[in-house]
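Input: a single structure, listed below in structure tokens.
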Amino acid sequence: MFSVIVGVIFIAFTVLACLPKDICPIGLEWGGYIIQSLKGTLPVIAALVGIVAIMLGFTDIRDKREARREEEEALLAEQEEKNRNSEKEKKSEKK
């Protein structure tokens, strides 16, 4: 609950900081500065998001390969078990 209250306070401050004084008398008119800082940091943020997306893509591919390999190993183990059982049946039939 405390974090929700703090979040609402920060959002209210952000809105008041962006508003010009002719709309709100306690506005700080920081809208232009905020836009400038967003313009400057947006390429860096985009690059970081791109790097994270590439890393997630590689880990997803690796996980899919590993899952496929585990499925193949399980199928091979199943086939080997069937072969062993059929060999045992053949030996028991011969006796």
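The values are calculated or read from the model by the stated rules, or taken from the named source; none is laboratory data. Keep in mind the model is a prediction, meaning the values are calculated, not measured. Glycine also receives a Cβ, built like all others from the backbone with ideal geometry; neighbour counts cover every protein chain displayed. Heavy atoms of the whole protein, side chains included, go into the accessibility calculation; ligands, DNA and RNA do not. Shrake-Rupley method; radii C 1.70, N 1.55, O 1.52, S 1.80 Å.
Miscellaneous remarks
- Charge dipole magnitude, Cβ of K and R +1, D and E -1 - the chain, Cα centre, debye nearest 20: 260
- In this simple spin-label model, placing a label point 7 Å from the Cα along the Cα-to-Cβ direction at both LEU42 and ARG65 gives a separation of 3.7 nm.
- Between the residues TYR33, ILE11, LEU48, the greatest Cα displacement towards the positive end of the dipole of the chain, with unit charges on the Cβ of Lys, Arg, Asp and Glu, is found for LEU48.
- Relative contact order of segment 1-84, defined on C-alpha pairs under 8 angstrom at six or more residues apart (%): 12
- Apportionment of accessible area to carbon and sulfur, the chain, percent (1.4 Å): 66
- Diffusion coefficient, µm² s⁻¹, Stokes-Einstein with Kirkwood Rh over alpha-carbon pairs of the chain at 37 °C and 0.692 mPa s: 164
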